[in-house]
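A.B. asks: So that we are looking at the same thing, I have put the structure below in structure tokens.
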Amino acid sequence: MPEFTTWDILYNLILAARWTVVLSILAFICGGIAGLLVLLGRVSPLPWLRRTMNLYIELFQGTPLLMQIFIVFFAFPLMGVETTAWTAAVVALTLFTSAYLAEIWRGCVESVPKGQWEASESLAMSFTEQMRYVILPQALRVAVPPTVGFSVQVIKGTAVTSIIGFVELTKAGTMITNATFQPFLVYGLVGLLYFALCYPLSVYAKRLERTLHVAR
Amino acid sequence: MSLVKLTGIHKSYGDNEVLKGIDLKVNEGQVVALIGRSGSGKSTLLRTINGLERINQGSIEVDGACVDPGQSDLRALRLKVGMVFQQFNLFPHLTAGQNVMLAPVVVKKQSKADVRTIAEEALAKVGLADKFDAYPDQLSGGQQQRVAIARSLAMKPRVMLCDEITSALDPELVNEVLAVVRKLAEEGMTLLLVTHEMRFAREVCDTLVFMHKGRIAEQGAPEEVFTKPATPELAQFIGMVTER
């Protein structure tokens, strides 16, 4: 039986952590784009669209991420689409991220005073023109800290994709544990690696919050 | 022919009927002040004229653009109607010049160079030619309100609505804004103002409209309305405002 040094373990975990990072970034970018569309629907003047997007948000906020991943992973083959753990993970995390970001951003949009809507409306601007030139630029500065803060949730969320066999940090930890029989050491290192990814982001989010508040 | 024609306007919030059948005609170049107690419906009436408040019944016609509860092309209406608000509502992320330029560029698709000239003229007209690059939070309340007037002017509206535009200002800043309004009136701009500045209304407006409980109780030339109120409500209102 081969021997594993702590360095071997750490090295392999770091290799796997790259996939955690890639998955997080992809989910965050795709989820951000989808979230913007959901947001536009959520605050649009059309009542049916607002209701639909609200339902979308409630669905993803009201069910466990684990279940969402299962559904995406098993629903694709049912519809006759071949899928990999990688695709399912990206799709599920994108949907999850979009719902949360849309809701965070809705709060930011609603923090823009009503007078801004009325003034731009009075200048004959359409909804999209109002959003693009008046509302979103103002919502943006309020949105940055909670958005960065939420990225931490996305990183931690990627751990759940290990359940469908996607090899990222957590899954690699399980595999290494099975080979080394040192669960405490391995999962301890896994935890430290997650912390190393998340902690700087949450510190950064806090700092942004302070500076953007002072600037106003 | 009237520029603004309101016919049988009804407006309710739930069971609370705030406008109970308003008919009003405003001719080109006319300067009309809406007066009355708070809650009489004057601000609501003003806000229906550019579609910020939906009406339940009646019709609004401004220079051919027509709105009623059934069909509403608010964009056509809003291109003809400018509005200035009590709280200025300047866009805080844009400079004074950008505030004025935004709508002509985005909505009317005019070229930036043309709009720049229009914006400079509009700011000059309100006496703020040198504040083109200042942000709203670098301006006093009176200056902000004058930028808001310039922003509205740059869209070349046929009629301007002013909703208590001096009420949020410190007393010493009221006059600079009123001076701009007076100038607009003299240049023949059609104006509808909701105001508590009775002296100003009396001097500048050619018509006073007194609203009471969602109806137009009285209207006429200022001197007439002030000196010979026909209803006890108006007499009481005048008594109240002149005592102050």
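The values are calculated or read from the model by the stated rules, or taken from the named source; none is laboratory data. What you are looking at is a predicted structure, and each value in this text was computed from that prediction instead of being measured. Note that each Cβ is placed from the backbone with ideal geometry, even for glycine, and that neighbours are counted across all protein chains shown. With ligands, DNA and RNA removed, areas are computed over all heavy atoms of the protein, side chains included. Shrake-Rupley method; radii C 1.70, N 1.55, O 1.52, S 1.80 Å.
A.B. asks: Could you give the nm distance between label points at B:Asp68 and A:Arg207, where each point is 7 Å from its Cα heading toward the beta carbon?
C.D. replies: 6.3 nm
A.B. asks: Right, something else. Based on a Kirkwood Rh over C-alpha pairs, give the Stokes-Einstein translational diffusion coefficient of the stretch A:6-215 at 25 °C and viscosity 0.890 mPa s in µm²/s.
C.D. replies: Translational D for this selection: 130 µm²/s.
A.B. asks: May I pose another question? Taking only protein heavy atoms into account and a 1.4 Å probe, give the accessible area per residue of the stretch A:6-215 in Å².
C.D. replies: 51 Å²
A.B. asks: Now for a separate question. Starting from a Cα-only point model with no solvent, please compute log10 I(q)/I(0) by Debye for the stretch A:176-216 at q = 0.18, 0.22, 0.25 1/Å.
C.D. replies: -0.60, -0.71, -0.78
A.B. asks: Another question, if that's okay. Kirkwood hydrodynamic radius, the stretch B:181-234, all distinct C-alpha pairs: what's the number in Å?
C.D. replies: Here the Kirkwood hydrodynamic radius works out to 11.9 Å.
A.B. asks: Across peptide B:89-96, what mean number of C-beta atoms from other chains lies inside 10 Å of a residue's C-beta?
C.D. replies: 5
A.B. asks: Here's another thing I want to ask about it. Using Cα pairs closer than 8 Å and at least 6 residues apart in sequence, work out the relative contact order for chain B, in percent.
C.D. replies: 25 percent
A.B. asks: From Cα coordinates alone, what are the radius of gyration and Dmax values for chain B in angstrom?
C.D. replies: When restricted to Cα atoms, chain B yields Rg and Dmax of 17.9, 56 Å.
A.B. asks: Based on the Cα gyration tensor of the protein assembly as shown, what are the three equivalent ellipsoid semi-axes, each the root of five times an eigenvalue, rounded to whole Å and given largest first?
C.D. replies: They are 60, 24, 19 Å, listed largest first.
A.B. asks: Another question, if that's okay. Rounded to the nearest 5, what is the percent of antiparallel bridges among the DSSP beta bridges in chain B?
C.D. replies: In chain B, DSSP labels about 60 percent of beta bridges as antiparallel.
A.B. asks: Which whole-number percent of Cα pairs in the stretch B:1-59 have a distance greater than 13 Å?
C.D. replies: The share of Cα pairs beyond 13 Å in the stretch B:1-59 comes to 61 percent.
A.B. asks: Tell me which DSSP H helices of chain B clear both cut-offs, 20 Å or more of axial length from alpha-carbon atoms and a mean Kyte-Doolittle hydropathy of at least -1.0.
C.D. replies: Taking the DSSP H segments of chain B (at least 20 Å long, mean hydropathy at least -1.0), we get B:171-186.
A.B. asks: Could you work out [θ]222 nm for chain B from helices alone, using -39500 (n - 2.57) per DSSP H run of at least four and dividing by all its residues? Round to the nearest 500 deg cm²/dmol.
C.D. replies: Mean residue ellipticity, 222 nm, calculated: -11500 deg cm²/dmol.
A.B. asks: Let me ask another. Restricting to the stretch B:137-244, compute how many DSSP beta bridges are antiparallel as a %, nearest 5.
C.D. replies: 50 percent
A.B. asks: Within 10 Å of each Cβ in peptide B:72-82, how many partner chain Cβ atoms are there on average? Round it to a whole number, please.
C.D. replies: Per residue, the number of nearby Cβ atoms from other chains is 2 on average.
A.B. asks: If you average 1/r over all unlike Cα pairs in the stretch B:119-224 and invert the result, what Kirkwood radius do you get in angstrom?
C.D. replies: Averaging 1/r across every pair of different Cα atoms and inverting gives 14.8 Å.
A.B. asks: Going by amide H atoms built from the backbone, whose H comes under 5 Å of the H on B:Leu3, apart from near neighbours?
C.D. replies: Hits under the 5 Å cutoff: B:Val26, B:Asn27, B:Glu28.
A.B. asks: May I pose another question? Highest first, please rank the peptides B:105-112, A:170-177 by the mean number of other Cβ atoms sitting within 10 Å of their residues.
C.D. replies: Going from most to least packed, we get A:170-177, B:105-112.
A.B. asks: With the cut-off at 29 Å, tell me which of the pairs B:Lys11/B:Lys80; B:Lys20/B:Lys125; B:Lys5/B:Lys183 have Cα atoms farther apart than that.
C.D. replies: B:Lys20/B:Lys125
A.B. asks: Over all residues in A:110-123, what is the mean tally of Cβ atoms on other chains that come within 10 Å of each residue's Cβ?
C.D. replies: Mean shielding count: 6.
A.B. asks: For the peptides A:148-156, A:92-100, A:50-58, what is the packing order when you average, over each peptide's residues, the other Cβ atoms within 10 Å and list the highest mean first?
C.D. replies: In decreasing order of mean packing, A:148-156, A:92-100, A:50-58 become A:92-100, A:148-156, A:50-58.
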